[in-house]
Every structure is written in structure tokens, then in C-alpha cells.
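First comes the structure, then the notes that go with it.
The values are calculated or read from the model by the stated rules, or taken from the named source; none is laboratory data. Source: prediction; values computed, not measured. Glycine gets a Cβ as well: all are built from the backbone with ideal geometry, and neighbour counts include every protein chain shown.
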Amino acid sequence: MSSIWSSLLLSSLLAGARTAALAVPPSGWESKIEVIRNPVYPLDVVDKLETDTMPKVESWLADKIAAGKNNNCTLETAAVRREWSDLSEEQRIEYVAAVTCLMNKPTTVDTTRFPGANSRYDDFVAYHMTHAMQLHDNLHLFGAHKYYVYQFEKALREECGYTGYQPYMNYDRYADDPENSPLLNGNASSLGGNGKLDPSYKGVPQPGRTPNIIASGGGGGCVTEGPFSEMVVSLGPTSMSMGSNLPKNPKSDGTGKNPRCLRRDINKNALMGARADRAYHLINENDNMDNFYNELLGTPPPRNDPYPWGIHTAGHYVAAVDPGGDPMTSPGDPLFYFHHTALDRLWWIWQMQDPENRLYAIPNVNMTMPMHKRADDPHKTIVDLEWLGPPINLLETHDQLGGNGGAFCYVYV
């Protein structure tokens, strides 16, 4: 890259300066969706695959429109979820302000059940920490998280005036130097910086894998720079926390009031397990949902691999510790939403390789846990987010272009 861009230009773009749309001749789907690319980051193999897949998406949606099954969703009306570094500096700052706004709004949950919930933002943490096992079973990992992130995006827009849509992170863009990336470099248009060095924090154990730990990237303590450095974390930690020297929650289930700083360990070792070649293999080498699901989770653990985490685990521990290193309270770090939106994107690209056979595919593995309401037909399972949103049919969560009565209508670029 440095041979193409001057060091001054490169530094400016990486720091979060306004990005410019590359000239893309408008034709077909591109005439219906504004395509914006940050020239610092050339398209990787997954980006190219997504671009190549868009004509299939356009054709599939045209068939839905002809059949009257699109619920008024078209490419022209679809929201566009973009990669963080493809947003302008102003758009990134607007997103941070909206998340901060949620953190300053009063909670709506029952505080006798969740005495540690301090804000509207904590409403989402409270749900995840009490439903994490169900949210990660084979039925709900994809669809229920899609609905969960959608409700978070909806809250940002409707309650805090955010004019964009939930961004995702392209793991590959930041893998070589995450601490100096537009996402985590600690400037005003980032999600804040690394935590201070905590020598007692060794990393995230990975039993059954070799290596058996995502070794610390050199952080582990309180975030001191940029957005969310003043954030007060209250819920958690739970017994599943991966942090060290954390103040214990006054309630055994982690729902009590426990004010403390946001702790992070920005971790290249984790990101390397989610690079573009791995995501491309995940999409292209798995023609059935069981295999796609298992590879995403790193099951069985790959051999002779220095980063054998699986993309799902790798993305969760990009900036782990507290609360992000606790599987129950992980949405307490705003980076959580970028990770699960990235997973949603990979799932969507995989679906759209063969939508007739993949759109409503569910992993057939024995990990199903009740989520309030079960049905003999898995597709009729009800996803109930309780205080976050009305219950919907699981089948509706699989379609982001017309699902949920047309409420889901978005693409990734």
C-alpha cells in the first residue's frame, strides 16, 4: 500500500479521515445501491465474492417481487450496512454518539431482576446475559442474533437519532495491526483504544485446541483513550468471565450493580483466526449448513493451525477481557455488534450462493436449547426477545430482504 499512497495520505485515512467513493460505473445492482470503498483497503477475496454474488441477489429478489413475496423490499429501498472504515469520519463519530446516547438513557428492564442495569444500552446486555446459552444453540446462533442486532440498530436510529445503519468489521482489514486501525486506534472516530497492560491477564483459554490459549495481546486493563474510555460497566462479570482481577458482582448471577471501567485486550492473535482466506473457505467449501456451522465454530478444532479458533470465537476475542471476554455479558463492549454483524454478512453471502436451498437451512446438530417456545418444526420456533422486541417466527429471521414482514430489508456492501 505504501508504494501507492504517500505516507501522509495513508496516515490520514487510517486515522479516520473522510473516505471517498471510488468511481464505479453504475450498471445492474450498482445503479440501485451506493457503493463506497476506502481506497486504503483493496477488496479481499470475500469482498470480491460478495460483489460477484450481487447479481444473484438481484435476480432472486426480482423473482420475489414478481411473486409478490418481497414485502415491499427492493434493492432501491434496502438499507446498506457498510464496513466501519468505509464510513466517513463524521459518520463514525455519529455512530459513537448514538451508542453513547443509549448509554445515557434510562433502562427499561425490571431493576428488581437486574439491579445492575443502568441504561437503555444495558437492556441489551441484560437480555444476552440471561439468554446466552439459547442464543448460541444451532437454531438461534444466526437468526436470533440477526434480530437482536436489528433491534439494537433500531434503538440507535429511533431513540438516538442515528441516520446510518449498523456497521460491520472486516476482520482481515485490521488483522495485521488492530491497535492502529480506524476501528480501535483510540481517536474520536474509533470505538476507543486498548486497555492498559495488565501482566496478570494471560489471554483466553481454548481447551482442546492447540495452541490452547489465545495469548494476550498486551492489554487487559482499563481503556484509557478515545470513546468509551469513560464508560461505566455495571452488569457482570459472571462465572464465565475470562478477565483477571475483576471486582466481583454482588449477585451470584452477575445481575447486580458493579460499577467499573471497560477493560480490553486488543488481540492480533484472535484476529488472525478470522482472516479473509478463512472466511472465503467457510463460504466456498461448505455446501450444507451443518458444515458451515461447524467450521464457523472451529469444530472439530483444525490441526496444524496456529490460530485454530474458528471465526465465531476469533471475532469475539478481538478485544476481550471485561465485559467482552465474558460470553454472557459480551454485548457490554460495543465491538460485539460489529462482530455479529460481520457474522451475519458471512451467513448472507453463503445463503445467496444458492438461496433456494440455503435460505432457510438450519444446522442439524444436537445443540438445541429451549428459548421459551419450541415447535416440532424448527422453522416454527419462536424467537422471543422479551423486552427488546416482539416475538417472531425463526423462519422470518433467515431472510434479510423481506423477512419479518419487510422489517428486514438490508444488504451488505
- Item | Failed condition for Tyr337, given (1) surrounded by fewer than 19 Cβ atoms within 10 Å (Cβ to Cβ); (2) touching a residue at least 40 places away in the same chain (Cβ under 8 Å) | (1)
- Query: Residue check, Pro302 against (1) without any contact (Cβ under 8 Å) to a residue 12 or more places away in the chain; (2) over 27 Å from Glu179 (Cβ atoms), all met but one. Which one?
  - Reply: (2)
- Message: Quick check on Tyr150: is it over 18 Å from Tyr412 (Cα atoms) and outside any loop (DSSP other than H, G, I, E, B)?
- Response: no
- In segment 243-252, residue farthest from Gly220 (Cα to Cα) [restricted to those that are surrounded by fewer than 19 Cβ atoms within 10 Å (Cβ to Cβ) and in contact (Cβ under 8 Å) with a residue 40 or more places away in the chain]: Lys251
- For segment 159-204, what are the residues that are farther than 19 Å from Tyr412 by Cα and among the basic types (Lys, Arg)? Lys196, Lys202
- Query: Restricting the first residue to segment 93-107 and requiring it to be over 16 Å from Asn187 (Cα atoms), which pairs with a second residue that is surrounded by fewer than 18 Cβ atoms within 10 Å (Cβ to Cβ) and small (Gly, Ala, Ser) meet a Cβ separation below 9 Å and a spacing of at least six or different chains?
  - Reply: Ala98/Gly161; Cys101/Gly161
- Note on the structure: Exactly one of Gly208, Gly315 is under 27 Å from Tyr41 (Cβ atoms) and touching a residue at least 24 places away in the same chain (Cβ under 8 Å), and that residue is Gly315
- Message: Just checking: which of the helices (runs of 4 or more DSSP H) contained wholly in segment 1-113 hold 1 or more residues that are basic (Lys, Arg) and modelled with pLDDT of 95 or more?
- Response: 45-66, 89-104
- List the number of the failed condition for Leu385; all other conditions in (1) among the hydrophobic types (A, V, I, L, M, F, W, C); (2) modelled with pLDDT of 95 or more; (3) out of contact with any Pro (no Cβ under 9 Å at 6 or more places or on another chain) hold. (3)
